[in-house]
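Structure, as structure tokens:
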Amino acid sequence: MSSPIDRRQFLSGSLAAAALFTVPRGARALGATALVRDVVLTAREATVQVGTNQWATWTYDGAVPGPEIRIARGDRVRIRLDNRLPQPTTIHWHGLAVPPAMDGVVGLSQPAVQPGQSFTYEFDVTQSGTFFYHAHVGLQLDRGLYGALIVEEPGENDRLRIDREYVVLLDDWLTITPEAALASMRVSGGMMGGGGPAYAGYLLNGTTVPSRLAVTRGERVRLRLINAASATPFRVGLTGHSLIVTHADGQPVSPVEVSTLVIGMGERYDVIVSATNPGTWPLLVSPWGSPVPTSLGLLVYTGSERNVAPPFAWPPELQAGRTLRYEDLRSPSLAEPSAPASLIVPAVLSGGMSGMGSGTASWTINGQIYPNADPFVVREGARVQIAMTNRSMMPHPMHLHGHTGMLRLPGLSGAGFAKDTVLLNPMDTATLEFTADNPGRWLFHCHNLYHMELGMARVVEYR
Ligand code: C2O
Ligand code: CU
């Protein structure tokens with residue numbers, strides 16, 4: 001197998017336009033003087049190339065996705081946001097438990113950064129894993145204001161025998177403004193077509209053109225899958241290969257081998273692909289509810305010249321193969337907490353039309369439409385369970401800010417696995433359990449941004 005020398009030649013794959021920051025691995029021990037990583041992100045309008053189309057939209061640094069931020073656990077980051085957009089904005093560090101004032105939620109954590117102004121986010125990064133950052137004002141994320149945030153765990157790539165890695169950022173691509181899309185959803189009903197706008201297409205690292213993932217036979221390749229879409233859960237599979245799931249939402253899980261997985265908005269999965277099947281292999285993605293896959297990537301082996309036509313349907317071996325279920329995942333390290341939960345908060349997710357006659361579509365938690373909704377009040381130190389029930393025919397990826405919870409499922413005993421975003425399929429139930437150890441006011445919401453805007457959110461408030 002690979003020698004340490006090979007390891008040093010580790011290639012962090014740069015896909016399409018994604019900027020790349022490599023960090024020399026194993027260069028310093030944790031606990032050594034933390035490095036401060038200085039980053040400047042400029043939020044501004046730009047016209048970007050999406051396949052053969054031009055897209056005039058909002059970006060970080062002129063590109064979609066924005067620059068990849070790659071750091072190591074233990075680093076301190078200092079990220080200055082320069083707002084050159086015509087509207088106020090903020091950034092949220094999705095999945096990182098940052099201090100409340102750095103979380104990017106207007107009205108809870110910080111005032112919005114006005115056009116022409118700057119704000120510096122500064123915090124210590126104590127977690128490792130696959131995260132992303134995105135705008136957290138209204139529907140701005142759906143214009144393309146997001147980027148990958150990778151926190152390397154020193155030594156992990158050696159331990160997992162990874163030779164190469166690619167960051168795979170998925171998105172749904174909207175060519176009208178999200179505000180126009182929302183306006184029509186408000187009146188056309190929350191249930192019918194209530195998933196989201198009609199998207200023009202789907203993007204992998206900002207493009208509809210299949211991204212090339214180069215690989216050499218015998219390598220183990222890590223894919224960091226991030227769903228940055230605003231309203232589209234995706235099914236993902238790689239023809240000719242299986243996916244070994246090693247991390248969910250950045251946190252390790254005992255490895256599970258699957259053919260396909262479904263990733264909700266805001267969720268992340270790290271998978272390992274064992275490159276043992278030379279050729280050229282489409283990476284397939286289909287939006288929730290659609291049986292038709294799009295080929296958004298190509299795994300290309302060194303020396304393979306084969307041209308492949310993207311399939312029009314999921315190939316039988318992926319179709320018939322195992323799809324990842326939450327029930328399959330277990331954390332290798334999370335222990336059953338010594339004390340039972342001291343607070344159980346029910347969260348019933350549903351939607352409908354409010355008002356009579358020309359009603360307005362809404363999405364609700366326990367029947368309330370945020371911001372006209374009561375906070376979930378918690379006490380510092382409490383062990384809290386948010387017991388979620390989806391009483392609708394749409395999937396809802398529910399995201400909790402400021403904490404990483406433990407997912408519990410009905411009928412499964414023992415400690416689950418760590419999660420900050422939980423995809424509830426229609427009529428599903430699941431419980432997110434967390435320790436209230438980060439005092440502040442935090443948002444808990446559906447990561448379908450249109451559902452969030454139509455009311456599916458709550459504040460978790462420490463008192
Ligand atoms: Cu990525 Cu409030 O969310
Ligand atoms: Cu939702």
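List of remarks:
- Estimated from the Cβ-Cβ distance and a Förster radius of 35 angstrom, the FRET efficiency linking Glu336 and Arg161 is about 0.70.
- Average projection area in nm² (convex hull over Cα atoms of the stretch 219-303, one quarter of hull surface): 5.5
- The helix-based estimate of mean residue ellipticity at 222 nm for the chain, built from -39,500 (n - 2.57) per DSSP H run of four or more residues and divided by its residue count, is -1500 deg cm²/dmol to the nearest 500.
- Spin-label model, Gln87/Glu122: points 7 Å from Cα along the beta carbon direction are separated by 3.0 nm.
- Taken along the Cα-to-beta-carbon direction at a fixed 7 Å, the label points for Arg212 and Val377 span 6.1 nm.
- Shape analysis of the chain based on the Cα gyration tensor places the equivalent ellipsoid semi-axes at 31, 26, 24 Å, largest first.
- Summarising the strand pairing of the chain, around 70 percent of its internal DSSP beta bridges are antiparallel.
- Sites Leu35 and Ser274, calculated FRET efficiency, Cβ-Cβ separation with R0 45 Å, nearest 0.05: 0.85
- Vicinal HN-Hα couplings computed from phi for the stretch 208-215 (Karplus, 6.51 cos²θ - 1.76 cosθ + 1.60; Hz; Gly/Pro x): 8, 6, x, 6, 8, 10, 6, 8
- Note on the stretch 102-162: Cα Rg divided by 2.2 N^0.38 Å, N the number of residues, gives 1.46.
- Available extension along the chain between Glu317 and Met393 is 24.5 nm, counting 0.36 nm per residue and deducting the alpha carbon span.
- Taking amide H atoms as placed 1.01 Å from N in the peptide plane, the amide H of Leu343 lies under 5 Å from those of Arg383, Gln385, each 5 or more residues away in sequence or on another chain.
- Leu409-Glu305 FRET efficiency (beta carbon distance; Förster radius 56 Å; 0.05 resolution): 0.75
- Think of each Lys and Arg Cβ as +1 and each Asp and Glu Cβ as -1; about the Cα centre, that makes the dipole of the chain roughly 340 debye.
- Packing, as the average of other Cβ atoms within 10 Å across residues, places the peptides 37-44, 204-211, 277-284, 310-317 in the order 204-211, 277-284, 37-44, 310-317, highest first.
- Taking amide H positions as modeled 1.01 Å from N, with prolines and chain starts lacking one, the residues under 5 Å from Gly440 and 5 or more places away or on another chain are Tyr462.
- Antiparallel beta bridges, as assigned by DSSP with both residues in the stretch 197-312, represent about 85 percent of the total such bridges.
- Label-to-label distance for Gln54 and Arg463 is 5.5 nm, based on points extended 7 Å past Cα in the beta-carbon direction.
- DSSP-defined antiparallel bridges as percent of all bridges, the stretch 81-240, nearest 5: 70
Readers should treat all values here as calculations from the given coordinates under stated rules, not as data from a laboratory. It should be emphasised that the depicted structure is a prediction, and the values quoted were computed from it without experimental measurement. Quick reminder, even Gly has a Cβ in these numbers, built from the backbone with ideal geometry, and neighbours come from all protein chains shown.
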